[in-house]
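See below for the structure under consideration.
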Amino acid sequence: LRKQGIQEIKASADLDHLNDIRVKMLGKKGPLTTVLRGMKDLSKEERPKVGKFANEIRDELTQALEAKKAELATARLNAKLAAETLDVTLPGTPTVQGQPHVIQQIIDQLVDLFVGMGYQVAVGDEVEQDEYNFERLNLPKDHPARDMQDTFYVTPSVLMRTQTSPMQARMMEKHDFANGPLKMISPGKVYRRDTDDATHSHQFHQVEGLVVGEHVTMADLKGTLEVVAKTLFGDELAVRLRPSYFPFTEPSVEADITCFNCMGQGCAICKHTGWLEVLGAGMVHPNVLKMSGVDPEVYGGFAFGLGPDRFAMIKYGVEDIRDFYQNDVRFLNQFNQKG
Ligand code: FA5
């Protein structure tokens, strides 16, 4: 019994099996218990001998069981630790990181620039009232210049904004000029019933700029636009203003920058003029000031509206605006800021 028990214990390979052996050998129905139970039938002389012997075997088997149990427990722990080992020197699994869309990158750059110059950033609603998108910008219902911006109407008086300029009126009417000038930019999406082609999209972006206060001049506008051009395209570029027309500015201008490709020499990108048209701007029309409750005798200002989509086209030599919206990651990854 002892031999067989010890052998079985030694051969046991897991804790559950070891427990079965314990029950079999030392349990209530096991052979040792049977022997000890039968002691009462033995003679006085035999009883201590058999008892001692049986106890010895039980102690020995118990010891062997305990030793094996400890051995198996250690082995199980070691196996678990080995399985959970972490090799910190292994290279990690690379995760693909997203990045802002190239148009958003341009907007972010402009926002950073203007916040640095003390402008506030105001974000307006894409669904706008006709009143703010047109009327408060000096474009009454029958004004022919409304045709310049073909409009998606939601109801006769509510529309998808065609420009970010309504934010001029919304910010001016809220501003307390006793606290100083109003300086704001407003980036966002705008919508026009333009037929999509290489340079037009029915949904695109604009960044509006507005400064209204005392003694704000056209020279301030030009200086500001120069900073914009230099920040986005490089230090060597010049800005020129050409007369233009917008109902909400007087005088109105269109701003050109030196073609960065040929540095003014003339090339295909600038249609051999040496200049690239980048935005519309002007001095805020007195009617617009008045309609927003600002006294044009005391205050004046400039405004500009630029299209980051067109900026991105110029900056990166993209020939078709639709590429920005088709979301082909192979195209978009070219503008990965992290290189
Ligand atoms: C305006 O929208 C005026 N609100 C800009 C302005 C603001 C003038 C403040 C004066 C004072 P315009 O329609 O030219 O102007 O559009 C401004 C810019 O938006 C254009 O220079 C061009 O870059 C861009 N743009 C216009 N239409 C589209 C189009 N369909 N797709 C992509 N970009 C466009």
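Before moving on, here are some points about what is shown:
- Residue that is farthest from Met184 (Cα to Cα) [pool: residues in the range 199-228 that are of a type in the set (A, V, I, L, M, F, W, C) and under 28 Å from the mean Cα position of the chain (by Cα)]: Phe204
- Restricting attention to the range 140-157, the residues that are away from the ligand (no atom under 11 Å from the Cβ), loosely packed, with under 14 Cβ neighbours inside 10 Å and either under 30 Å from Val115 (Cα atoms) or touching a residue at least 24 places away in the same chain (Cβ under 8 Å) (or both) total 3.
- Residues in the range 92-121 that are under 18 Å from the mean Cα position of the chain (by Cα) and part of a loop (DSSP other than H, G, I, E, B): Thr95, Val96, Gln97, Gly98, Gln99, Pro100, His101.
- Only a single criterion out of (1) part of a loop (DSSP other than H, G, I, E, B); (2) within 14 Å of the ligand (Cβ to nearest atom); (3) loosely packed, with under 13 Cβ neighbours inside 10 Å is not satisfied by Gly124, namely (3).
- Glu135 being in contact with a Ser or Thr (Cβ under 7 Å, 6 or more places away or on another chain) and away from the ligand (no atom under 14 Å from the Cβ): no
- Matching residues, the range 238-256, being out of contact with any Gly (no Cβ under 7 Å at 6 or more places or on another chain), of a type outside the set (Phe, Trp, Tyr) and crowded, with 18+ Cβ neighbours inside 10 Å: Val239, Pro247, Ala255, Asp256
- Filter pass, Gln105 being more than 15 Å from the ligand (Cβ to nearest atom), more than 30 Å from Thr231 (Cα to Cα) and surrounded by 14 or more Cβ atoms within 10 Å (Cβ to Cβ): no
- Single residue of the range 206-217 satisfying the filter (touching a Phe, Trp or Tyr at 6+ places or on another chain (Cβ under 7 Å) and not β-branched (Val, Ile, Thr)) that is farthest from Asp309 (Cα to Cα): Glu214
- Asp147 vs. criteria closer than 30 Å to Arg192 by Cα, at pLDDT below 90 and not in a loop (DSSP other than H, G, I, E, B): yes
- Taking the range 289-311 as the range and being in contact (Cβ under 8 Å) with a residue 12 or more places away in the chain and more than 10 Å from the ligand (Cβ to nearest atom) as the test, the residues that pass are Leu289, Met291, Ser292, Gly293, Val294, Val298, Tyr299, Gly300, Gly301.
- Scope the range 127-139; condition in contact with a Phe, Trp or Tyr (Cβ under 7 Å, 6 or more places away or on another chain) and in a helix (DSSP H, G or I); matching residues: Leu137
- Applying the condition of being farther than 15 Å from Ala11 by Cα and of a type in the set (Lys, Arg) to the range 67-89 and asking which residue is surrounded by the most Cβ atoms within 10 Å (Cβ to Cβ) yields Arg76.
- Within the range 5-48, tally of residues that are assigned to a helix (DSSP H, G or I) and loosely packed, with under 11 Cβ neighbours inside 10 Å: 5
- Any chance Gln326 is within 27 Å of Asp196 (Cβ to Cβ) and without any contact (Cβ under 8 Å) to a residue 24 or more places away in the chain: yes
The values are calculated or read from the model by the stated rules, or taken from the named source; none is laboratory data. Here the structure is a predicted model, which means the values were calculated and not measured. Neighbour counts are summed over all protein chains in view; Cβ atoms, including those assigned to glycine, are modelled from backbone coordinates with ideal geometry.
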